[in-house]
Structure formats: structure tokens, C-alpha cells
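Input: a single structure, listed below in C-alpha cells.
The values are calculated or read from the model by the stated rules, or taken from the named source; none is laboratory data. Every value quoted in this text rests on a predicted model; they were computed, and no experiment measured them. Don't worry about glycine lacking a Cβ; one is built from the backbone with ideal geometry, like all the others, and counts go over all protein chains shown. For accessibility, only protein heavy atoms count, side chains too; no ligands or nucleic acids. Shrake-Rupley method; radii C 1.70, N 1.55, O 1.52, S 1.80 Å.
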Amino acid sequence: MYASDVTRTFPVSGTFSAPQRELYEVVLEANLAATAKAVPGNHWNEPHDKAVDVITKGLKDLGLLEGRVPQLVKSLAYRKFFMHKTGHWLGLDVHDVGDYKVADQWRLLEPGMVMTIEPGIYVAPGERSVDKRWRGIGIRIEDDVQVTRDGPDVLTRGLPTAVDEIQRHMGGRA
Ligand SMILES: [Mn+2]
């Protein structure tokens, strides 16, 4: 009777176009790097901070953002493409009750806590600041993760995230 919350992003054609694939790989890297931060003793926002770093660097490397990564993070430039947080508590409710801060400090993660990890990149169809090929592409990869003493336990690992797995699942080119 517990809730779950999962997102996978598939190319409608069954095969990722080059720009879709390039953005997808950035989101996947952010998902994996953020998940690795879901360990006891880290604070609530560490997975999000990591996802922001990976996504900002990826957007810069692909030319959607220009400038130095630390400055782009500080100025929140990434928010044009990644405008939500990386996760939320998960339990009896999809967005479960529970504090994210205690006494104005990010809460420390403890074994047994369950959260989502859901970085994304969304390029609006009318986003004129980027090359045409990026416009209209939206990607989110959301997993449900339990914090354990042995590290992050990805409860949704049975659902494919790798590009080749998704293409195979869609009947496209693997
Ligand atoms: Mn969610």
C-alpha cells in the first residue's frame, strides 16, 4: 500500500535522434550521480546539488549554456532547462509528508528513508536562445530510491534507463 513515482522517457520513433540522445545521456548521468549521493549522513539536498552540477556542465558542453559552470550554477542559469527539484519523500503518499529541513538545516539522510531521484532537461519549443535542434525535447528519468546502510537501493531498477535498452524495448535500433 505504499506509493511509487516513476518516469521513463522514450523516443516516439523508437530510436533516439542525435540531439535527443545527447540530452538524454546528460540526464542519465545526473540521475546516476545524484542517486550515488543518497546515502546515510549526506543531507537532503546533496543529490539535487549533484544533479545541478552534472546538468549544467552537460548543457554547457552541448552549447545550450555559455559561461563557466560554477557561475552558471550560482546564477541559476540552468533553471531555464531544469526548473524543479531532484526529488521528494515517498511513502504512503506520492509526495509524502516529512520535513526537508530541520532548524533551517537540510535534514540528514538515514537508513529507511525513501525518496525519488528525478532530474530532467526540458527545452521549450519556442526557446530561441538555443539551436533549433534542441527545441521541444523534454527528458526526465525518475527512480525511487531507499537509503540503506549499504548504499542507495534503487527500487525501480527493473525498468530500463540505458539508451540501448530503451531502443530495444521500443523495437528500434539497439
Ligand atoms: Mn516525482
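Worth pointing out:
- Surface composition of the stretch 1-71: carbon plus sulfur atoms hold 52% of the accessible area, using a 1.4 angstrom probe and ignoring ligands, DNA and RNA.
- Placing +1 on the Cβ of every Lys and Arg and -1 on the Cβ of every Asp and Glu, with nothing else charged, gives the chain a dipole about its Cα centre of roughly 760 debye.
- Note on the chain: dipole from Cβ charges, positive end direction compared against Ala34, Gly112, Phe16; the farthest Cα belongs to Phe16.
- Extents of the chain, largest first, come to 45, 40, 25 Å (Cα atoms, principal axes, whole angstrom).
- Residues in the stretch 1-32 reached by a label modelled at Val94 [backbone nitrogen below 20 Å; 7 Å Cα→Cβ]: 1-10
- Taking the helices alone, the chain has a mean residue ellipticity at 222 nm of -8500 deg cm²/dmol, built from -39,500 (n - 2.57) per DSSP H run of at least 4 residues and averaged over all its residues.
- For the set Tyr2, Tyr100, the ranking by accessible area, highest first and with no ligand, DNA or RNA atoms included, is Tyr2, Tyr100 under a 1.4 Å probe.
- Measuring nothing but how far apart in sequence close Cα pairs (under 8 Å, 6+ apart) lie, relative to its length, the stretch 19-144 scores a relative contact order of 30 percent.
- For the residue pairs Lys37/Lys60; Lys37/Lys80; Lys57/Lys80; Lys50/Lys132; Lys74/Lys132, the C-alpha atoms sit more than 20 angstrom apart in Lys37/Lys60; Lys37/Lys80; Lys50/Lys132; Lys74/Lys132.
- Environment charge of Ser129, counting only residues whose C-beta is closer than 12 Å and scoring Lys/Arg +1, Asp/Glu -1: +1
- Between Asp150 and Tyr2, the simple label model (points 7 Å from Cα in the Cβ direction) yields a spacing of 1.6 nm.
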